[in-house]
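Read through the structure below, which is laid out as structure tokens, and then see the notes.
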Amino acid sequence: MNPPSKILVLADNPQHPLFSSWLATMGEPVEGLTYVPSDYEFPADAGLVVSADCYHEPRVTLLRRAMEKNIPTLVLADGILEYRNTWEHPQLPAGSLFQPVLGHKIACLGRSQARVLESWHNGDRCEVTGSPRFDRYTGMKRRQRGPQENFRVLVMTALTPYFTPEHQQKVKKSLLDLKAAFARKPIFGGVKLEPVWRLTKGLDKEIGVDAVVSDLTGREMADVLQNVDAVITTPSTSMLEAMLLGLPVVALDYCNTPHYVQPAWRITASDHIAATLAELVNPPAAKLLFQDATLHDALECTTPAAGRVQDLAREMIRLGQEARRSGGALVFPARMAAADGVVRAVPEARFKLDELYPDQPQFASWDVAALQVENGHLRQHAAELEKKCQAVRASAAHHAQLTVAWKSKVEAAAVLVEHGEPQAATKLLLAGVKAVEACQNPPVILEALLAIAPALGALDAGRARYLLEVAVKLAGGLKNQPARDLATRHLTELAAASAGAAVAALARA
């Protein structure tokens, strides 16, 4: 029997370069799990679970369950740490972003990221690997601007540039100030500046500029960066991509938050714009040196990252296999993929979740057993809710199929009546009734009866009357008074039409 080695990817898009940039050449079978329920049973040949999402359910529960089953789990850092996203993101549960890392290991972009995560008491979980999706920048060159060409400044925002209304207003204000600065057609050292806008979340429309945004997964970012001369961006992983090409990079941050990636240039108020734009045209050597140091601290990129991530994954799979064979605990050593003897950072004494999140009562409890029991209850409850949601979705899909079936028959019957084929029309309408009767879903049956019976009234009054009487009883049982009133009105109209037809027949006789 072959030892377990299949790699399972928990992601909306397992083909994203975050995964494909190194998994494609791993030589191990890979299976993408775009959606599985929280009680998903991992296959016996699962050798490694990989994900970049440790803040949405059911992936959080799946990562934890994989660890409980001694399946190695690897979290990929999908970008830089960003202060607002970490500490001021009300849509995420407190502590979601690596407090702690919800996996055996996390592949960090660089040393500075690992230091921060380790200061948050993540112990031996951090591995400094770099990001294989940035390996493609090796050999790329920045554009060589001609002497008569404008100096192009890419002004961009992160995929999610704000998390609260207050953030939104500050980001919008910063962009409007930049727009006003560029509208003055600035020229520095005889060089005219030209903005290139790449804004997200509709900010281009809000400030009234034409933005070039095509592939928001970042696949085309390299193409954009190779056609500009400098970058101004809200805190974003794209800062590192621009630095890889040697472009001077400015952090645009009117929120004035701490920066986990230290830029050489910052714009935190409108007063900073003019002086910063002037420096971009002829950047000081000392600031470019600082930017290079920041890049190499924030991103392990002196050599390709794919090999490091692959080596880490293979070693995790091997150790998982050994633990299964021996029946022992699954333990991973520190710094399995360390470059140049990177040492572990000291955990900070101030990292206390109850003090960092004083409004979150769950962090005030130190009763681990009670929290574990509560977690078990919540997992079971979540699994039950998922099953109910699946049943509702399946029922809705069946409902839609049946509705299409009987409505199409009603429409087709009307066409047949117009062409003088009442018998065929009657047969088609009765077939519609049989189709919905088989589903044994009272609301669906009632909806169909209320549409089919009136159409049948002019063709077969007796059958139409019977169907409407059934609809009255069915609506009463469902306590659907509007439907009951409608069925009753149709019965009254049918009786009046039948009486009128009888009087007309007697007159003709």
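The residue of the stretch 275-308 that is surrounded by the most Cβ atoms within 10 Å (Cβ to Cβ), among those that are of a type in the set (Gly, Ala, Ser) and within 31 Å of the chain's Cα centre (by Cα), is 305.
Would you confirm whether any residue within the stretch 63-70 is under 30 Å from residue 361 (Cβ atoms) and among the polar types (S, T, N, Q)? Spell out how you get there, then give the answer.
First, pick out the residues of the stretch 63-70 that are under 30 Å from residue 361 (Cβ atoms): 63-68.
The next check asks that each one be among the polar types (S, T, N, Q); those that pass are none.
No, the stretch 63-70 contains no residue that is under 30 Å from residue 361 (Cβ atoms) and among the polar types (S, T, N, Q).
Pairing each residue of the stretch 361-375 that is within 13 Å of residue 95 (Cα to Cα) with any residue that is assigned to a loop (DSSP other than H, G, I, E, B), provided the two are 6+ apart or on different chains, yields C-beta distances under 7 Å for 363/357. Of the residues making up the stretch 464-482, those that are of a type outside the set (Phe, Trp, Tyr), in a helix (DSSP H, G or I) and without any contact (Cβ under 8 Å) to a residue 24 or more places away in the chain number 7. In the stretch 180-196, the condition of being assigned to a helix (DSSP H, G or I), buried (at least 16 other Cβ atoms within 10 Å of the Cβ), at pLDDT 95 or above and not small (Gly, Ala, Ser) is met by at least one residue. Pairing residues of the stretch 312-327 that are farther than 11 Å from residue 70 by Cα and not assigned by TED's automatic domain parsing to the domain that holds residue 26 with residues that are part of a helix (DSSP H, G or I) and of a type outside the set (Val, Ile, Thr), at Cβ distances under 7 Å and at least 6 apart in sequence or on separate chains, gives no pairs at all. Here is a check on your reading of the model: is residue 128 under 21 Å from residue 259 (Cα atoms), in contact with a Cys (Cβ under 6 Å, 6 or more places away or on another chain) and among the β-branched types (Val, Ile, Thr)? Against the criterion (under 21 Å from residue 259 (Cα atoms), in contact with a Cys (Cβ under 6 Å, 6 or more places away or on another chain) and among the β-branched types (Val, Ile, Thr)), residue 128 qualifies.
Looking at this structure, is residue 19 in a loop (DSSP other than H, G, I, E, B) and either surrounded by fewer than 22 Cβ atoms within 10 Å (Cβ to Cβ) or at pLDDT 95 or above (or both)? Walk me through it before giving the result.
On the way: in a loop (DSSP other than H, G, I, E, B): no; either surrounded by fewer than 22 Cβ atoms within 10 Å (Cβ to Cβ) or at pLDDT 95 or above (or both): yes.
Taking the combined requirement at face value, the residue does not satisfy it.
Just to verify a result, which residue in the stretch 225-263, among those that are in contact (Cβ under 8 Å) with a residue 24 or more places away in the chain and in a strand (DSSP E or B), is farthest from residue 137 (Cα to Cα)? So the residue we want is 252.
How many residues are surrounded by 12 or more Cβ atoms within 10 Å (Cβ to Cβ) and either among the β-branched types (Val, Ile, Thr) or farther than 14 Å from residue 45 by Cβ (or both) when one looks only at the stretch 323-334? Count: 4. For the stretch 219-249, filtering for residues that are in contact with a Ser or Thr (Cβ under 7 Å, 6 or more places away or on another chain), farther than 20 Å from residue 194 by Cβ and at pLDDT below 95 leaves 0.
So that you can scan it fast, the table gives a plain yes or no per residue for (1) within 16 Å of residue 320 (Cβ to Cβ); (2) in contact (Cβ under 8 Å) with a residue 60 or more places away in the chain:
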| residue | (1), (2) |
| --- | --- |
| 28 | yes, yes |
| 45 | yes, no |
| 86 | no, no |
| 92 | no, no |
| 105 | yes, yes |
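Screening residue 214 with (1) of a type outside the set (Val, Ile, Thr); (2) under 29 Å from residue 114 (Cβ atoms); (3) at pLDDT below 95 gives one miss only, at (2).
Of all residues in the stretch 345-376, count the ones that are assigned to a helix (DSSP H, G or I), loosely packed, with under 13 Cβ neighbours inside 10 Å, out of contact with any helix residue (DSSP H, G or I) (no Cβ under 6 Å at 6 or more places or on another chain) and at pLDDT 80 or above.
Residues of the stretch 345-376 that are assigned to a helix (DSSP H, G or I), as a first pass: 353-356, 361-364, 368-376.
Filter again for loosely packed, with under 13 Cβ neighbours inside 10 Å, leaving 355, 361, 364, 368-373, 375-376.
When the remaining residues are screened for being out of contact with any helix residue (DSSP H, G or I) (no Cβ under 6 Å at 6 or more places or on another chain), the result is 355, 361, 368-373, 375-376.
Subset that is at pLDDT 80 or above: 355, 361, 368-370, 372-373, 375-376.
Number satisfying all stated conditions: 9.
The values are calculated or read from the model by the stated rules, or taken from the named source; none is laboratory data. From a predicted model like this one, the values you see are computed outputs, not experimental measurements. Here the Cβ is made from the backbone with ideal geometry for all residues, glycine too, and neighbour counts use every protein chain on show.
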